[in-house]
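The values are calculated or read from the model by the stated rules, or taken from the named source; none is laboratory data. Since the structure is predicted, the reported quantities are computational estimates derived from the model, not experimental observations. In this analysis, Cβ positions are derived from the backbone assuming ideal geometry, glycine residues included, and neighbour counts consider all displayed protein chains.
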Amino acid sequence: MIGLAIGLKKRGHNVELFNYFPHLDFYRNDIINAGVVVHDCYKKSKFSFTPIFSLFNLLKNKNFDVAVSFLTGPNIFLELAHLLTWKTRIIVSERSSFQGTNTIPFHRLFYASISHIVVNSKSHYRWLLRNHSEIKKKLKVIYNGVDLDKFKFTKPRIKVKKQLKFLTIGRVGYEKNLINVVRAFINFKKKNGWLPFLDLVGREDESIKGAKYLKEVRDLLDEYPEVKCKIKILGQRKDVNLLIPTYDAVLHPSLYEGLPNAICESLASGRLVLASDVCDNGVLIEEGKRGFLFEPKSPASIENAIHRFSLLDQVTYEEMCLNSRSFAEEYLSMDRMVSRYEKLFFSCITSRTNFRF
């Protein structure tokens, strides 16, 4: 969403952002520096109508040509606000997988009144077609974009077998599957007598379910101190683009995904990815070309992927790193993503050369 807003602004369009969680300001400076107008709305409780009415007033009083939302919550707010004023064409975007979507049952009933539905993976596109064939003409796939100038290709590290370093990027919670990685590390240590290093970047899941899950992970690590000393949680970082090149590969063990930014950014940085074989990960990785795939619920499968990576010689490793960057340049550039959204917006408003978003 941030990349799209900034990309459209750079192309001369008028772009404004509606934000109902102002305290989550991780990207605020980037938005402000790009000249994107931000409308802050304070959502004070879980079930609050404030964002709906604030968004309604914004759509009613401004001449926006197109409004686009990401994720289920924002989609619902935009759809309800749109029912109160049909002034603006709206596009909703489903960013995750059907496996991880806890969608309110009536949610997709609103799809009859919107212009398009965008998904960021082919797997979710196929699922929606099977279960909601009535939206076929409105459904579009647009892959995530990566800033290729920020996530630059850097020369790969020299692989040292018993000093391998992996990085995991993403919120530390149940769906990111850390506990099976720990189990895989335990098995790997027993079989091989050594372990790679693993650092995790991302905020911890602070929900009740998340806290319970992390306690389970930590309790397991406490039983195996030789594994615990190899795994570190670094917390949320703003320098991921600088971190990735300092590792041998990225480990992405999620139980489900849409199109994971972490994998896209890793490929753009010229690093292999060891990833769960879910959703579109197989398209991104292409087994053996830009990394290795594994069954996320199988510690043995994760362990095998790590072992296969450890056996790569330096020449093959560097070739796969180059393959990763080449793939990102062809399919994952920010410019490509913005162009596809821009084309979609123009198809909604026709004949205009500038639009308000």
Out of 125, 143, sole residue that is free of Cβ contacts under 8 Å to residues at least 60 places away in the same chain, among the aromatic types (Phe, Trp, Tyr) and closer than 22 Å to residue 281 by Cβ = 125
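Can you name every residue in the range 261-285 that is in contact (Cβ under 8 Å) with a residue 40 or more places away in the chain and under 17 Å from residue 336 (Cβ atoms)?
Selection gives 261, 264, 265, 267, 268, 280, 283, 284.
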remark   = Restricted to the range 255-292 and to residues being assigned to a helix (DSSP H, G or I) and polar (S, T, N, Q), the residue farthest from residue 176 (Cα to Cα) is 266
inquiry  = Can you pull out every residue in the range 301-345 that is acidic (Asp, Glu) and either in contact with a strand residue (DSSP E or B) (Cβ under 8 Å, 6 or more places away or on another chain) or not in a helix (DSSP H, G or I) (or both)?
reply    = 313
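Out of all the residues in the range 111-127, which are of a type in the set (A, V, I, L, M, F, W, C) and surrounded by 19 or more Cβ atoms within 10 Å (Cβ to Cβ)?
Scanning the range 111-127 gives 114, 117, 118, 119.
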ask   = Under the condition of being crowded, with 16+ Cβ neighbours inside 10 Å and basic (Lys, Arg), which residue from the range 128-164 is nearest to residue 311 (Cα to Cα)?
value = 159
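Within the range 177-215, work out how many residues are under 17 Å from residue 305 (Cα atoms), in contact with a strand residue (DSSP E or B) (Cβ under 8 Å, 6 or more places away or on another chain) and in a helix (DSSP H, G or I).
The first filter runs over the range 177-215 and keeps only residues under 17 Å from residue 305 (Cα atoms), leaving 177-198.
Those left that are additionally in contact with a strand residue (DSSP E or B) (Cβ under 8 Å, 6 or more places away or on another chain): 177-178, 181-182, 185, 196-198.
If we keep only those that are in a helix (DSSP H, G or I) as well, we get 178, 181-182, 185.
Number satisfying all stated conditions: 4.
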inquiry  = Any residue in the range 26-38 that is among the acidic types (Asp, Glu) sitting within a Cβ distance under 8 Å of a residue that is assigned to a helix (DSSP H, G or I)? List the pairs, counting only those 6 or more apart or interchain.
reply    = 30/2; 30/6
request  = Please list, ordered by first then second residue, the pairs with beta carbon atoms under 7 Å, 6 or more apart or interchain, first in the range 286-308 and closer than 22 Å to residue 331 by Cβ and touching a residue at least 60 places away in the same chain (Cβ under 8 Å), second among the β-branched types (Val, Ile, Thr) and in a loop (DSSP other than H, G, I, E, B).
outcome  = none
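Does the range 346-357 hold any residues that are surrounded by 13 or more Cβ atoms within 10 Å (Cβ to Cβ) and either at pLDDT 95 or above or part of a helix (DSSP H, G or I) (or both), and which are they?
Within the range 346-357, 346, 348, 349 meet the criteria.
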